[in-house]
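Notes for the one structure printed next.
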Amino acid sequence: MRVTSYSITDIGKQRQLNQDYVFTSQVPMGTLPNLFIVADGMGGHKAGEYASKCAVETIVDDVNLSTEKSVIKVLSGAIRHANERIRQVSSQDDNYQGMGTTLVVAAFDGKEMYVANVGDSRLYLLHDGLRQVTTDHSLVEEMVRIGELEREKARNHPDKNIITRAIGVVEVVDVDFFELDDLKEGDIILMCSDGLSNMLDDNELERIVGGAGTLEEKAKRLIAAANLNGGRDNIAVILIELLLDEE
């Protein structure tokens, strides 16, 4: 099984800076067959912009240098290093104090997908319908989990932007890992920042991702739809499709 992809970011309609950062590689990096990352930075001035870029570049560098065979161990070590690097810069420069970034990372090996997640950037799988693979690390998601808030009301809750985990905020970051081993030809993966998922509900996401067109056309439709609904934040999108290996 091989993958093809398209990625795009957009500043949205209401922000002055784009603090979202994406990375895609369909070719091997270090011991990984491929690598896909979405990061959504936070912090005043240009701190969030720096945090997301720094995290992604640190992970890419670490993955390229790693000789570890386990995908989870490769990603875990790289994310831990990114967390340490952002904390170091934040402690040394007042302009970057308190910065951080969300992160969702994916790598594919045959029919298996490995996912790492910190914060509220998401990964969805379109396979007989759209489902969210990652779990948001946010105050609202915690309220839903313990029964204080209905799922239908979560997307528009006033505290939606309060996240409970981020890269660069605490000394030891807690990362969620997911492994899926039943991927099929034609499955599509959507990775995105909350600038997309806060603007479009799951039905709209499924309609666009599962509709006609190339990955590029679908990604641009997602951006346009998010902006049409208000574009309150930066928007990052990666679409990945699984294809049979070429003979």
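Listed here are the residues, each with its yes/no results for (1) in contact with a Gly (Cβ under 6 Å, 6 or more places away or on another chain); (2) of a type in the set (Val, Ile, Thr); (3) not in a strand (DSSP E or B).
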{"site": "Ser5", "(1), (2), (3)": "no, no, no"}
{"site": "Ile8", "(1), (2), (3)": "no, yes, no"}
{"site": "Leu17", "(1), (2), (3)": "no, no, yes"}
{"site": "Thr24", "(1), (2), (3)": "no, yes, no"}
{"site": "Ala82", "(1), (2), (3)": "no, no, yes"}
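Conditions tested, residue by residue: (1) surrounded by fewer than 19 Cβ atoms within 10 Å (Cβ to Cβ); (2) of a type in the set (Lys, Arg); (3) more than 16 Å from Val104 (Cβ to Cβ); (4) touching a residue at least 40 places away in the same chain (Cβ under 8 Å).
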| position | (1), (2), (3), (4) |
| --- | --- |
| Met1 | yes, no, yes, yes |
| Tyr6 | yes, no, yes, yes |
| Gly12 | no, no, yes, yes |
| Tyr21 | no, no, no, yes |
| Gln26 | yes, no, yes, no |
| Gly41 | no, no, no, yes |
Legend entry - Count of residues meeting criterion [over 17 Å from Glu185 (Cβ atoms) and either assigned to a loop (DSSP other than H, G, I, E, B) or of a type in the set (Gly, Ala, Ser) (or both)] in region 112-128: 4
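Kindly indicate whether Leu244 is surrounded by fewer than 23 Cβ atoms within 10 Å (Cβ to Cβ) and modelled with pLDDT under 95.
Details: surrounded by fewer than 23 Cβ atoms within 10 Å (Cβ to Cβ): yes; modelled with pLDDT under 95: yes.
Taking the combined requirement at face value, the residue satisfies it.
If you take the residues in region 26-54 that are in a loop (DSSP other than H, G, I, E, B) and small (Gly, Ala, Ser), which one is nearest to Val74 (Cα to Cα)?
Residues of region 26-54 that are in a loop (DSSP other than H, G, I, E, B), as a first pass: 26-28, 30-31, 33-34, 43-46.
Subset that is small (Gly, Ala, Ser): 30, 43-44.
Details: Gly30: 9, Gly43: 28, Gly44: 31 Å.
It comes out as Gly30.
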Inset, instruction - Could you check Ile72 against (1) without any contact (Cβ under 8 Å) to a residue 40 or more places away in the chain; (2) in a helix (DSSP H, G or I); (3) among the β-branched types (Val, Ile, Thr) and say which number it fails? - result: (1)
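Restricting to region 90-111, name every residue that is part of a strand (DSSP E or B) and modelled with pLDDT under 95. Steps first, please.
As a first pass, look at region 90-111 and keep what is part of a strand (DSSP E or B): 100-109.
Correct list: Asp109 only.
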Inset, instruction - Report the residue count in region 1-43 for those that are touching a Leu at 6+ places or on another chain (Cβ under 6 Å) and more than 21 Å from Val209 (Cα to Cα). - result: 1
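Got a sec? Which of Ala78, Ala55 is within 16 Å of Arg165 (Cβ to Cβ), touching a strand residue (DSSP E or B) at 6+ places or on another chain (Cβ under 9 Å) and of a type in the set (A, V, I, L, M)?
Values: Ala78 fails: within 16 Å of Arg165 (Cβ to Cβ).
Answer to the check: Ala55.
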Legend entry - Contacts under 7 angstrom Cβ, first residue in region 154-182 being among the hydrophobic types (A, V, I, L, M, F, W, C), partner surrounded by 15 or more Cβ atoms within 10 Å (Cβ to Cβ) and modelled with pLDDT under 90, 6 or more apart: Ala154/Val140; Ala154/Val144; Ile162/Ser138; Ile162/Leu139; Ile163/His137; Ile163/Ser138
Legend entry - Selection within region 185-199 - crowded, with 20+ Cβ neighbours inside 10 Å and of a type in the set (A, V, I, L, M): Ile189, Leu190, Met191, Leu196, Met199
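The values are calculated or read from the model by the stated rules, or taken from the named source; none is laboratory data. What you see is a predicted model, and the numbers here were worked out from it, not measured in a lab. Here the Cβ is made from the backbone with ideal geometry for all residues, glycine too, and neighbour counts use every protein chain on show.
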